[in-house]
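The values are calculated or read from the model by the stated rules, or taken from the named source; none is laboratory data. Owing to the predicted nature of the structure, the values given are computational and were not obtained by experimental measurement. Cβ sites come from the backbone with ideal geometry, for glycine too, and all protein chains shown count toward neighbours. These accessible areas exclude ligands, DNA and RNA; they are computed on the full protein's heavy atoms, side chains included. Shrake-Rupley method; radii C 1.70, N 1.55, O 1.52, S 1.80 Å.
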Amino acid sequence: MKSNKHTAPHTTDTEFGGEIGAACLIVLLPITVLFLLSVCVSEEGTVFHWPPALPSQSDLYDPRAVFIITGWISTHILLYLLPVGKVSEGLLLRDGSRLKYPINGFHALCVTAVLLCMCVCLGVPLALLYELMVPLAVCAVGVALLLSLYLYARSFWAPAQALAIGGNTGHAVYDFFIGRELNPRIGPFDLKYFCELRPGLIGWVVLNAVMLLKEVELRGSPSVSMLLVNAFQLLYVTDALWNEEAVLSTMDIVHDGFGFMLAFGDLVWVPFTYGLQAAFLVSHSHMLTPFSALAIILLNGIGYYVFRKSNSQKNQFRRDPTHRSVRHLETIATATGKRLLVSGWWGFVRHPNYLGDILMALAWSLPCGFSHILPYFYVLYFSALLVHREARDEHQCRAKYGAAWEAYCRRVPYRIIPYIY
Ligand SMILES: NC(=O)C1=CN([C@@H]2O[C@H](COP(=O)(O)OP(=O)(O)OC[C@H]3O[C@@H](n4cnc5c(N)ncnc54)[C@H](OP(=O)(O)O)[C@@H]3O)[C@@H](O)[C@H]2O)C=CC1
Ligand SMILES: CC(C)=CCC[C@@H](C)[C@H]1CC=C2C3=C(CC[C@@]21C)[C@@]1(C)CC[C@H](O)C(C)(C)[C@@H]1CC3
């Protein structure tokens, strides 16, 4: 990949099977979401039933879904634009500038929680959203598709230094999928940053709450499994929004363009597949023994501890290596002037944060029992995503740090799971 700060980067390395892989994913990803949701809400008891009960054409569209999705996204645009919370600067861009981002995602979550409670108190039939899951997902796919077309079109008017390194092969389908522009903005409104943390992530936990309400409607009270899935995933989303500033240094914001992959991932994949366990529990109730409930809580607790501690340690070290919480850690120098941690969490494995995330993913599936593979979809997909992400990051770090990275890999030989991988 070649670029300098004034010429458009020209991408030569492709991922996801290049143009053909991208074309297949654009078609297959939405179909997968609709398939998973349809299986989830069907009463089918065990593993897979073939042929699956696919939704009919009339199940796919409902005007109420269009109204709800438009209202939801508009509410979150308004909450994003509210002048509350601090404003932070992102990392240094190729042209030497830094963008400003509002840090008010946690406020948006709190306002959403208040609105949700008001709806429950006023008797708004929120459980109805359970029946609308498929049309809601179809409508969200439509929004992601329109947004990606807009992003692709506008990228041809963007200055060369605003383009991402990875999405400029010149092959339309691939570039549309990966995304050409790094930080597309309408005035101060950052489209990628907004989509990454607001409508999809908060939508995910709201849909979970709807599943809980539906279970109460059907069975009179929520099951322990449903309460655990809701609590674990709410903790994860609250943590993401509480630590919103840390997102500014993730690969998605710093490196990846904004195209169909992230637009679909943020607006459809996250809200409609990350919470499949709760949707599954509505149609397939599962009783947990007190011992298994405690074991699952412990697993989620350990996963969260590893995830949060390791992410915070690296973020603190990158922000201020002299801070008392990190200054005792052993490091190695790199030619770029930055140092790499080789003790503490980052001396245990090369991606301790991924390990914690995978342990939590497992804890979110176990409350659903073992009668069906569907609640395990998230942990399986997520492990594959993190193995792929680890390989991408490794490639970038090797290019960035050269010999120092090799020394780090010799010192810390395991990538995610000690003695296994
Ligand atoms: N729920 C979900 O769907 C997803 C969740 N995640 C989660 O998001 C979080 C962030 O993950 P991600 O953005 O992939 O990347 P990481 O937070 O793991 O960051 C990787 C970067 O950290 C720096 N780094 C790596 N090793 C060291 C070291 N030894 N010392 C100091 N710095 C080091 C390097 O950047 P540099 O040196 O330039 O600072 C590297 O590029 C993770 O917890 C992950 O599990 C991620 C994807 C999806
Ligand atoms: C199949 C497909 C289209 C995948 C696209 C991948 C995206 C779904 C994920 C890429 C990176 C993500 C992150 C989060 C959510 C999923 C996506 C968008 C994240 C916001 C979840 C909460 C975490 O605490 C996080 C903030 C660290 C995380 C950032 C990366």
- Mind listing just one residue for me: the one in the range 219-237 that is closer than 23 Å to Asn353 by Cβ and touching a residue at least 60 places away in the same chain (Cβ under 8 Å) and, of those, surrounded by the most Cβ atoms within 10 Å (Cβ to Cβ)? Val229
- Note on the structure: Ala240 passes all but one of the listed conditions (1) near ligand 2 (Cβ under 10 Å from one of its atoms); (2) of a type in the set (Gly, Ala, Ser); (3) surrounded by 21 or more Cβ atoms within 10 Å (Cβ to Cβ); the exception is number (3)
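Does Ala172 satisfy the criteria of being farther than 27 Å from Phe291 by Cα and either buried (at least 16 other Cβ atoms within 10 Å of the Cβ) or within 16 Å of ligand 1 (Cβ to nearest atom) (or both)?
Criteria not met by Ala172.
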- Message: Which numbered condition in (1) more than 12 Å from ligand 1 (Cβ to nearest atom); (2) within 19 Å of the chain's Cα centre (by Cα) is the only one that Arg308 fails?
- Response: (1)
- Scan Glu196, Glu244 and give me the residue that is within 14 Å of ligand 1 (Cβ to nearest atom), touching a residue at least 12 places away in the same chain (Cβ under 8 Å) and under 12 Å from the mean Cα position of the chain (by Cα). Glu196
- Among the residues of the range 1-22, how many are open to solvent by 80 Å² or more (accessible area, probe 1.4 Å), modelled with pLDDT of 65 or more and over 25 Å from the mean Cα position of the chain (by Cα)? 2
- Message: Looking at Met261, Met211, can you tell me which residue is more than 30 Å from Glu15 (Cα to Cα) and at pLDDT 95 or above?
- Response: Met211
- Hey, can you tell me all the residues within the range 244-283 that are buried (at least 24 other Cβ atoms within 10 Å of the Cβ), outside any helix (DSSP H, G or I) and within 9 Å of ligand 2 (Cβ to nearest atom)? Tyr274
- Among the numbered conditions (1) in contact with a strand residue (DSSP E or B) (Cβ under 8 Å, 6 or more places away or on another chain); (2) under 27 Å from Leu128 (Cβ atoms), tell me where Glu244 comes up short. (2)
- Which one is nearest to Asp95 (Cα to Cα), of the residues in the range 118-164 that are open to solvent by 40 Å² or more (accessible area, probe 1.4 Å) and outside any helix (DSSP H, G or I)? Pro159
- Note on the structure: Considering residues that are closer than 21 Å to Asp393 by Cβ and open to solvent by 40 Å² or more (accessible area, probe 1.4 Å), the number found within the range 345-383 is 5
- Picking from Ile77, Ile69, the residue that is in a helix (DSSP H, G or I), open to solvent by less than 50 Å² (accessible area, probe 1.4 Å) and within 30 Å of Met251 (Cβ to Cβ) would be Ile69
- Item | Enumeration of residues in the range 95-117 that are open to solvent by 40 Å² or more (accessible area, probe 1.4 Å) and small (Gly, Ala, Ser) | Gly96, Ser97, Ala113
- What is the number of the single condition among (1) under 20 Å from Arg410 (Cα atoms); (2) open to solvent by 60 Å² or more (accessible area, probe 1.4 Å); (3) at pLDDT 95 or above that Ile297 does not meet? (1)
- Counting only residues that are of a type in the set (Ser, Thr, Tyr) and within 16 Å of ligand 2 (Cβ to nearest atom), which one in the range 310-344 is most open to solvent (accessible area, probe 1.4 Å)? Ser312
